Amino acid sequence: MERIREIQTQLKELSSPIDEQQPAVAMILAAGHGKRIKSEKSKMLHDIWGVPTVTRVANAARDGLGASNLILVVGIKALEVAQALGKAEGRMFEYQGHQRGTGDAVRVGLQALPSPNYHGAIYVFPGDMGLLNREAVQDFRKDFEKNPCDMIVLTADYHGDPAENYYGRILRVPARDVDGKPSGEDHGKVIEIREHRDILAMSPEQPYRVEYNHRVYSLTQEELLNLPEFNTGVYAFKAQPLRRYIETLQTNNAQGELYVTDLISIFNKNGLTVRASRAKDPSTVLGFNNKSVLKEMEKIARDKAYERLKDIVLINNKDDFFIADEVIEQIIEMDKTSAPLDIEIGKGVHIGPSVRLNKGVIIKNRARLEGNVVLGENVKIHENVSISTYAHQTLTIGRNSEILQGDIVKGNLTIGENCRIESSVNMTGADEYPTRIGNHVLIKGTSYIYGTIIDDGVWVEHSVLKCKYVERSVRNDGTIQPIKYVIPLPEGLDSLHSLEKRS
């Protein structure tokens, strides 16, 4: 009990009030852990294309609805999920102590609304829908607004083997009722969602009978299993009927849980209007319960990234690269203003969200750039190079400079123009001691540079320079004095002892 109070206290500190003047509130159900994912990490925090899935859902909901209001229902690993998202205007966290189903999660989430008289729309999203994007949410919102109803469910069609379709089926009014009479205007209207577990629990010999608009319809277990239209777990409600009927949910199902899907039949029976909206792109509404589906979703994200970039930059291996969304947007904008770009990306390259590219940049196989890294025109990064910064630091490489194979370059650091940093070099810049490399500098051999300033035109070879200023010294013959084999005096010799046996 003490632990629960501690969690609720910290969630309150991370929460900001909902703005009830906005016409919409997004609610994300992120309380589950995901047993089938077989990981200590919450399912909601597994990355899709470099971003935690719950963060992707939150961003898509915010951008697609054009509203900052967001209610996060968290449970298992609650603080980890909440801290990953962080505090933001209009963002509330509600704690679901016991996972009793999606209906209970929505009921818990509604507690975040400060007034029972809120008359806007409540949009509900699963927290594991890591391919959801702004466009899909916008389409769903427009459909809800243009075709007024009390509840709308986002659906999609399943194109694989029906035996592998574990989603709830959308049950629409058939062409004829049990007496063989045409269903007329009711044909195709949404009756309810039948969960996959409940279909499997049916007797194959006993058809499922359901009433809609005072008429009875019947479907066999096989017919239900073969229905291609499935429930994505995304809904929109008018707030007032949702508040009223969420309390009427029952646990009379195979799992003994409260299903938000049961609200469809409840709304229908009470004369409210329920509609369904099909997603244009079924991939945007995929969720995952295991590692194989997570991997499939990652591949879909990569394929979409490649499709956006394939005619703008050269990507040498479409199945093995990572370019963060922010950098993709940057490249597309550069293409509009500065084409042609002549950027080349090698196999296995990783480019993080804060990296700034430029025209003529070549990044070769397995290079990794992470942090605030700014590349000038025609910079060339060779194989297996690692370039990184902490969040508050900036690393800049000037135009026409080249970083050769296997080098490590990190921290508060600037490399000038037309420099060549050859293989086996490690360079670091600290906050207190930044590293500044001038123009036309050559660094080669097994060299280590830390917190050092090097003048233009200097040649450094096989040297360790720590917190030094390397002055450009011109010899009598006009050449620049190179820096070679500079090794600091050894330390700690008194701690070294020979293991050789003495005679």
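The values are calculated or read from the model by the stated rules, or taken from the named source; none is laboratory data. Because the structure is predicted, anything quoted here is derived from the model rather than measured. Cβ: placed from backbone, ideal geometry, glycine included. Neighbour counts: every protein chain shown.
Which fully enclosed strands (runs of 3 or more DSSP E) of the stretch 74-171 have 1 or more residues being crowded, with 18+ Cβ neighbours inside 10 Å and among the β-branched types (Val, Ile, Thr)?
By residue number, 121-126, 151-157.
Say whether the condition of being surrounded by 20 or more Cβ atoms within 10 Å (Cβ to Cβ) and not in a helix (DSSP H, G or I) is met by at least one residue in the stretch 486-500.
Within the stretch 486-500 (the criterion being surrounded by 20 or more Cβ atoms within 10 Å (Cβ to Cβ) and not in a helix (DSSP H, G or I)), the answer is no, since none of the residues qualifies.
Just give me the residues in the stretch 35-68 being of a type outside the set (A, V, I, L, M), part of a helix (DSSP H, G or I) and touching an Asp or Glu at 6+ places or on another chain (Cβ under 8 Å), in sequence order.
If the condition is that a residue be of a type outside the set (A, V, I, L, M), part of a helix (DSSP H, G or I) and touching an Asp or Glu at 6+ places or on another chain (Cβ under 8 Å), then Lys43, Thr53, Gly64 are the ones that fit.
It is to be established whether one or more residues within the stretch 335-342 are touching a Lys or Arg at 6+ places or on another chain (Cβ under 7 Å), farther than 30 Å from Gly233 by Cα, in a helix (DSSP H, G or I) and in the same structural domain as Ile397 (by TED's automatic domain parsing).
Looking through the stretch 335-342, at least one residue is touching a Lys or Arg at 6+ places or on another chain (Cβ under 7 Å), farther than 30 Å from Gly233 by Cα, in a helix (DSSP H, G or I) and in the same structural domain as Ile397 (by TED's automatic domain parsing).
Among the candidates Ser473, Ser463, which residue alone is in the same structural domain as Val361 (by TED's automatic domain parsing), farther than 25 Å from His350 by Cβ, among the polar types (S, T, N, Q) and surrounded by 17 or more Cβ atoms within 10 Å (Cβ to Cβ)?
Of the residues listed, the single one that is in the same structural domain as Val361 (by TED's automatic domain parsing), farther than 25 Å from His350 by Cβ, among the polar types (S, T, N, Q) and surrounded by 17 or more Cβ atoms within 10 Å (Cβ to Cβ) is Ser463.
Which residue pairs have Cβ atoms under 7 Å apart, sit 6 or more places apart or on different chains, and have a first residue in the stretch 484-503 that is without any contact (Cβ under 8 Å) to a residue 40 or more places away in the chain and a second that is surrounded by 10 or more Cβ atoms within 10 Å (Cβ to Cβ) and among the hydrophobic types (A, V, I, L, M, F, W, C)?
Cβ pairs passing all conditions: Val486/Val464; Val486/Leu465; Ile487/Val464; Pro488/Val464.
Could you list, in sequence order, all residues of the stretch 181-205 that are more than 41 Å from the chain's Cα centre (by Cα), part of a loop (DSSP other than H, G, I, E, B) and either surrounded by 11 or more Cβ atoms within 10 Å (Cβ to Cβ) or at pLDDT 95 or above (or both)?
Passing the criteria: Lys181, Ser183.
When you go through Thr446, Thr435 one by one, which is the residue that is under 19 Å from Ser386 (Cβ atoms), polar (S, T, N, Q) and surrounded by fewer than 17 Cβ atoms within 10 Å (Cβ to Cβ)?
Thr446
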